[in-house]
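Accompanying notes for the structure given below.
The values are calculated or read from the model by the stated rules, or taken from the named source; none is laboratory data. Remember, predicted model here, so these are calculated numbers, not experimental data. Quick reminder, even Gly has a Cβ in these numbers, built from the backbone with ideal geometry, and neighbours come from all protein chains shown.
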Amino acid sequence: MINLLRAEWKKTIWNALLTGFLVWVFPVGVLGFYLVMLIGGLFSREWMSGMLETGSGLWTEDALGAWGMLLAFPFTILSRMLPLAFMAAVFAGEYQSGMWKNLIPRNRRAHLILAKMAVVAALIAIALAATSIVTVAGQGAGRLWLGWEYGPPASWDAISGFALRYAQTALLGGLSLLILAAMAALAAILTRSTLGALLVVFGFSTLDSLAMYILMLLARIFSLPEVVNLYRYTPQCNIDNAQSWFTTGAALRLPFETFSTGPDLVFSLAMLVIWAAGLTALVLAVFERQDITA
Amino acid sequence: MPSSPAIRTENLSKTFGKGKTRITAVKELNLEVERGQVYGFLGPNGAGKTTTIRMLMSLVRPSAGRAEINGRNVREAGALARVGGLVEGPAFYGYLSARNNLEVLARTANDYRPERIRELLEQVGLAGRAAQPVSGYSMGMKQRLGVAAALLGDPELVILDEPTNGLDPAGIQEMRGFIRGLAAERGKTVFLSSHLLNEVEQTCDRVAIIHKGEMIREGSVAGLLAESISNLRIQAAPLEQAEQVLRERWEVTRESDPGDSMQWLVVEAPPPDSPQVVELLVGRGVRVHQAVIRRQTLEGYFLAATRGPSSGNAEVTHD
């Protein structure tokens, strides 16, 4: 499996156009932003301070910001697009290049798909972690230059508290990535084309992000208020709810009469695992039976 | 299972689509390829060759029947571990070099040996351009790389689908030698699909002819040619006497070459009878100027087989 993962890693990472525009764009983009800020600071302190004022002033918060693109509703509607496009292109790319016919006889289909899912999810996680580091470094450099504080001070409590929150956020981010990767894989397998996979996976993701409003609309149209209770089974609800438990220690507040408080943390984590595992199992079952004819 | 054939198919069938769009690509195909053979799989475009190969390589699920390689069902995990294949033209990651493409494929098979990759790139004549992205390769270079990819794991069985596509005449000649060498020098079994009859005639030991998804002939190349129509052309004097003598035992017709007034007698005698034909004529006082055995090429045989009345509902003949 290690060799297979290395093969996946190599062919994905060497696709410079794809990874450059859809993965490394995050840390490189943030790095560019802070370089421009620092160069601009040479000429205007006001301009630089204006840019830094938008930050939280806490490195513990800034470091978590990058993961928000996968987790923070309503930004997820748009911010998931690039990771999803990357994943869809990677999976559909094997159909477009006709490479499955070279790969399938060399290893089990399940291993090939699982390795691909692991690599695309890991690459995005690495890009987000790198974005966290660049963000903290950029904010820290700017604030140091201006003589501003950038707290909290690096005490054991601050670091251990931050490590726990980062781990919790990364766990949710990882589960979210696995769900998205499985969605992208399924879309690519069903459509066998990059464009088709992109459209299907964007559709899935948007439906998930907007599930709360869609269910509210359906409840109103059909006069069935309990329909909104289905929201508790969607990935977006459980990501938001788990985030709420991690950050505030309480369940998510919801604007429904019949369902005003999110489920408990274990339920939400279990639902996310079920989504990730269920979609992955579906991907494996469909791919295992698929005829590779091109 | 050392005694099992390299390839065995049993009523292997594949249909695509449903209802009115249903197409039978392969119908109850029974093949047996012994180890160490170069086996030709002949058929016109759309005959079902590539679908058969895809089923052998576990890319397509058979609708019925089974395919075995070295005695194991191809759907079993690890059944294709000692099989290399080039299916319907080469495909590679254009942004990777030849070396990196081979590395990715070798690692996918959990069999990465850099020295093996170096050796293969030299064998197929790509060592000098191994570091360049494959997107800049010609079709012929990609074809060579495809063959190198097929041989990566030092397979016992090599399945090649139209391996000379895109090669220039010198490349075709070289590829034929290479394929023969795989069997003769390295003891590999080669299953070669082609619609180029000349290629199969020069390269293969045995041949199966497939048409509209069904096998219509199977046998050794020599056997198929021997059973095919062949005759004897005679120039003799006096011609009328020669014709009269020969008609006693064989069917005889006259023909002349375009632009030539000289007439030939065409004797429908199998090649082994040719000494008797000449002896008979000479014994009766006929002067024999020329006697030429005219053999049908595999191309002629193939065209007759795939156009003949039996091609539609095949009764397979084995040599």
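For the stretch A:107-150, what are the residues that are small (Gly, Ala, Ser) and within 11 Å of A:Ala63 (Cβ to Cβ)?
The answer is A:Ala129, A:Ser132, A:Ala137, A:Gly140.
Here is a yes/no grid of residues against (1) assigned to a helix (DSSP H, G or I); (2) within 25 Å of A:Gln236 (Cα to Cα):
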{"residue": "A:Gly138", "(1), (2)": "yes, no"}
{"residue": "A:Ala141", "(1), (2)": "yes, no"}
{"residue": "A:Pro153", "(1), (2)": "no, no"}
{"residue": "A:Asp157", "(1), (2)": "yes, no"}
{"residue": "A:Phe162", "(1), (2)": "yes, yes"}
{"residue": "A:Ala167", "(1), (2)": "yes, yes"}
{"residue": "A:Gly173", "(1), (2)": "yes, yes"}
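Tell me yes or no: at least one residue of the stretch B:257-271 is crowded, with 20+ Cβ neighbours inside 10 Å, on the phi > 0 side of the Ramachandran plot and not acidic (Asp, Glu).
no
Please find, among B:Ala131, B:Ala91, B:Ala106, the residue that is at negative phi, surrounded by fewer than 17 Cβ atoms within 10 Å (Cβ to Cβ) and among the aliphatic types (A, V, I, L, M).
B:Ala131
Quick one: would you say B:Glu162 is out of contact with any Asp or Glu (no Cβ under 6 Å at 6 or more places or on another chain), among the acidic types (Asp, Glu) and within 9 Å of another protein chain (Cβ to nearest Cβ)?
no
Under the condition of being in a loop (DSSP other than H, G, I, E, B) and aliphatic (A, V, I, L, M), which residue from the stretch B:1-24 is farthest from A:Ile104 (Cα to Cα)?
B:Met1
Check whether at least one residue in the stretch B:223-243 is modelled with pLDDT under 85, within 30 Å of B:Lys14 (Cα to Cα) and surrounded by fewer than 19 Cβ atoms within 10 Å (Cβ to Cβ), and report yes or no.
The answer is yes, given that some residue of the stretch B:223-243 is modelled with pLDDT under 85, within 30 Å of B:Lys14 (Cα to Cα) and surrounded by fewer than 19 Cβ atoms within 10 Å (Cβ to Cβ).
For every residue, the table says whether it meets (1) surrounded by fewer than 18 Cβ atoms within 10 Å (Cβ to Cβ); (2) more than 14 Å from chain B (Cβ to nearest Cβ); (3) among the β-branched types (Val, Ile, Thr).
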site	(1), (2), (3)
A:Ala7	no, no, no
A:Trp14	yes, no, no
A:Leu22	no, yes, no
A:Phe26	no, yes, no
A:Tyr34	no, yes, no
A:Gly41	no, yes, no
A:Ser44	yes, yes, no
A:Trp47	yes, yes, no
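Having 2 or more residues that are closer than 27 Å to B:Met215 by Cβ and within 13 Å of chain A (Cβ to nearest Cβ) is the bar; report the strands (runs of 3 or more DSSP E) wholly within the stretch B:25-125 that clear it.
Output list reads B:64-69, B:83-86.
Looking for whichever is within 12 Å of the chain's Cα centre (by Cα), surrounded by 18 or more Cβ atoms within 10 Å (Cβ to Cβ) and at negative phi here; the options are A:Phe91, A:Phe86. Which one fits?
Every option except A:Phe86 fails the conditions.
Can you tell me which condition A:Asp240 does not meet? The list is (1) closer than 27 Å to A:Phe86 by Cα; (2) among the charged types (D, E, K, R); (3) surrounded by fewer than 20 Cβ atoms within 10 Å (Cβ to Cβ), and all the others hold.
(3)
Restricted to the stretch A:153-200, and to residues that are of a type in the set (D, E, K, R) and closer than 30 Å to A:Val136 by Cβ, which residue is nearest to the chain's Cα centre (by Cα)?
Out of the qualifying residues, it is A:Arg165.
If you check A:Ser209 against the conditions, is it within 18 Å of A:Gly173 (Cβ to Cβ) and touching a residue at least 60 places away in the same chain (Cβ under 8 Å)?
Against the criterion (within 18 Å of A:Gly173 (Cβ to Cβ) and touching a residue at least 60 places away in the same chain (Cβ under 8 Å)), A:Ser209 qualifies.
Applying the selection to the stretch B:169-196, what residues are free of Cβ contacts under 8 Å to residues at least 12 places away in the same chain, farther than 18 Å from B:Gly36 by Cβ and small (Gly, Ala, Ser)?
Of everything in the stretch B:169-196, just one residue is free of Cβ contacts under 8 Å to residues at least 12 places away in the same chain, farther than 18 Å from B:Gly36 by Cβ and small (Gly, Ala, Ser), namely B:Ala170.
Restricted to the stretch B:183-206, and to residues that are within 21 Å of B:Arg294 (Cβ to Cβ) and either touching a Ser or Thr at 6+ places or on another chain (Cβ under 9 Å) or among the aliphatic types (A, V, I, L, M) (or both), which residue is surrounded by the fewest Cβ atoms within 10 Å (Cβ to Cβ)?
B:Asn198
Taking the stretch A:90-113, which residues are farther than 25 Å from B:Leu157 by Cα, of a type in the set (A, V, I, L, M, F, W, C) and within 13 Å of chain B (Cβ to nearest Cβ)?
A:Val90, A:Ile113 - these are the residues of the stretch A:90-113 that are farther than 25 Å from B:Leu157 by Cα, of a type in the set (A, V, I, L, M, F, W, C) and within 13 Å of chain B (Cβ to nearest Cβ).
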